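Colleague: This structure is in structure tokens; I'll ask about it shortly.
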Amino acid sequence: MKYFIALIVTLGFSAPVWAEQKVPQSQMEIQLSFVPLVKQAAPAVVNIYAARVTEARGNSFLDDPFFQRFFEGAAPEPRAQNSLGSGVILSPDGIVVSNYHVVGMATDIRVVLNDRREYSARVLLGDEASDLAILQLEDASDLPSLALRTSADVQVGELTLAIGNPFGVGQTVSSGIISGLARSGGSGGNGTGYFIQTDAPINPGNSGGALIDMAGRLIGINTSILTRSGGSNGIGFAIPSDLVAEFVTQAKAGNDRFHRAWAGVSGQVLDYDMAASFGLDRSGGIIITDLHPASPFGAAGFEVGDVITAVDGQPVISGGEMLFRMSVGGIGNTAVVTRTRNGEASDVTVELISAPDDPPRDFTVLGDDAILTGLELALVNPAVSDEMVLSTNAAGVVVVNTGPIAVQVGLRRGDIIEAVNSKVIKTPSDVSEGLTNSGRGVRLDIIRGGSRVQLRFRL
């Protein structure tokens, strides 16, 4: 009996660890309602209506002078593309976060609050790769807002609510739990790197809405679902609040683009078969296979063959998760990176820097006298590579924008042009010169997604 009492006392000392999170203990607790929580959080979740005016695709017949005589004045009219999504107010003065794919290229944005007030909005900062955008509501003040909770301490099993505007039916609340953390690239959405997984139903229109905890704090921005039917199957993904916080910081600083931490390394995930040879007893981590000369990891003493296992004490099992941990640390700060070399682990301090824009990108747009008018080119450097999500070791001249003609011959954004009619390309001006003196037949040697491709066309 004394042993039993002692056991109770021992367990009692550990109770505070679980005091804030517990399963329902009675029928009364099971019948508890989310109503007070929804009343607190819902006013800060908004509906977003975005419109983008695009140029209508022209008719090929109208390019022919013969047909132009018959269709004079029949130029195609611009078209409006509309999108619907959700957003979250983060401050009383009208700072709102949403998904990039909702508002990123919009020319007109309307934000409607829960109480039916409407505001015009402009994008302060957007990033397609992260699928986040920060908006500023015009002439806004004293608005309801949600506090950010650090997503680093979110745990699997926590209760959560998803609030948004699915299918445009109006503000909707759904409940669930945190199903998983550190989901990298499995969402099928635009965002990359690191996601919180939830089984709270998320449907089209929920994008940009809030994922909140039981204290009404924002822990993530709902962004996508994994589905085969188009409807919710209980596998939804949210962008963690820690990344949202860094976006807000950079937006308030006036950044024209999001500066994510740049590693300057290439690597591969350490699997179980390789773990033993690197002195590890389990899979997970990134083996460094290449280092850029300007890499902060190289400056900190990392070498090819080192294994990165953690950033700031948080285990990493993929490159996307590593870059997420670095990005939320903030440019200009440092991160403590755990590496394993020859079976020994050590902590190394690494500077958090943005990708250097050096050498100069030499941005070039081919003029009206060029064969591929409007083709936008740049010399690949770390900043260009980061912005366009190219490989760390990418080099040469990259297609930034195809323009109206180059897309018709098969060029794509992100293609790296190696040669024009067998002439090696080193600068954007080499491309312009090669196309000018090409004759009637043109052959482009390009690298696309790591594979070599040839494009041939005649003038």
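The values are calculated or read from the model by the stated rules, or taken from the named source; none is laboratory data. All of these numbers come straight from a predicted model, not from anything done at the bench. Heads up, the Cβs are rebuilt from the backbone with ideal geometry, glycines too, and the neighbour counts pull from every protein chain shown.
Colleague: Against the definition (buried (at least 19 other Cβ atoms within 10 Å of the Cβ) and either acidic (D, E) or not assigned by TED's automatic domain parsing to the domain that holds L390 (or both)), how does V304 come out, yes or no?
Modeller: no
Colleague: Got a sec? Which of S385, S346 is in contact with a strand residue (DSSP E or B) (Cβ under 9 Å, 6 or more places away or on another chain), of a type in the set (S, T, N, Q) and crowded, with 18+ Cβ neighbours inside 10 Å?
Modeller: S385
Colleague: Restricting the search to region 261-273, which residues are out of contact with any Gly (no Cβ under 9 Å at 6 or more places or on another chain) and at pLDDT 85 or above?
Modeller: W262
Colleague: Next up: For region 178-193, does any single residue satisfy the condition of being at pLDDT 90 or above and buried (at least 19 other Cβ atoms within 10 Å of the Cβ)?
Modeller: The answer is yes, given that some residue of region 178-193 is at pLDDT 90 or above and buried (at least 19 other Cβ atoms within 10 Å of the Cβ).
Colleague: Considering (1) crowded, with 17+ Cβ neighbours inside 10 Å; (2) under 23 Å from P359 (Cα atoms), say which one S429 fails and leave the rest.
Modeller: Only one criterion is unmet by S429, namely (1).
Colleague: Among A294, A355, A310, which is buried (at least 17 other Cβ atoms within 10 Å of the Cβ), under 24 Å from I417 (Cβ atoms) and at pLDDT 90 or above?
Modeller: The conditions single out A355.
Colleague: Could you grab me the full set of residues in region 113-158 that are buried (at least 16 other Cβ atoms within 10 Å of the Cβ), of a type in the set (A, V, I, L, M, F, W, C) and not in a loop (DSSP other than H, G, I, E, B)?
Modeller: Answer for region 113-158, where residues must be buried (at least 16 other Cβ atoms within 10 Å of the Cβ), of a type in the set (A, V, I, L, M, F, W, C) and not in a loop (DSSP other than H, G, I, E, B): A121, V123, L124, L125, L132, A133, I134, L135, L137, L148.
Okay, residues lined up against (1) small (G, A, S); (2) surrounded by fewer than 15 Cβ atoms within 10 Å (Cβ to Cβ); (3) more than 14 Å from A406 (Cα to Cα); (4) in contact (Cβ under 8 Å) with a residue 24 or more places away in the chain:
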{"site": "R341", "(1), (2), (3), (4)": "no, no, yes, yes"}
{"site": "L372", "(1), (2), (3), (4)": "no, no, no, yes"}
{"site": "N381", "(1), (2), (3), (4)": "no, no, yes, yes"}
{"site": "V389", "(1), (2), (3), (4)": "no, yes, yes, yes"}
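Colleague: On the basis of being assigned to a strand (DSSP E or B) and among the acidic types (D, E), does E433 make the cut?
Modeller: So E433 does not fit the description; no.
Colleague: Same structure again: Would you confirm whether any residue within region 94-102 is surrounded by fewer than 16 Cβ atoms within 10 Å (Cβ to Cβ) and either at pLDDT 95 or above or closer than 14 Å to N165 by Cβ (or both)?
Modeller: No - not one qualifying residue is present in region 94-102.
Colleague: Would you pick out the residues in region 436-451 that are part of a strand (DSSP E or B) and touching a strand residue (DSSP E or B) at 6+ places or on another chain (Cβ under 7 Å)?
Modeller: The answer is G441, V442, R443, L444, D445, I446, I447.
Colleague: Taking only pairs six or more apart or across chains, which ones have beta-carbon atoms under 7 Å, a first residue in region 440-459 that is free of Cβ contacts under 8 Å to residues at least 24 places away in the same chain, and a second residue that is of a type in the set (G, A, S)?
Modeller: R458/G441
Colleague: Also, quick follow-up: Evaluate the following for T334: is it modelled with pLDDT of 90 or more, among the β-branched types (V, I, T) and surrounded by 18 or more Cβ atoms within 10 Å (Cβ to Cβ)?
Modeller: no
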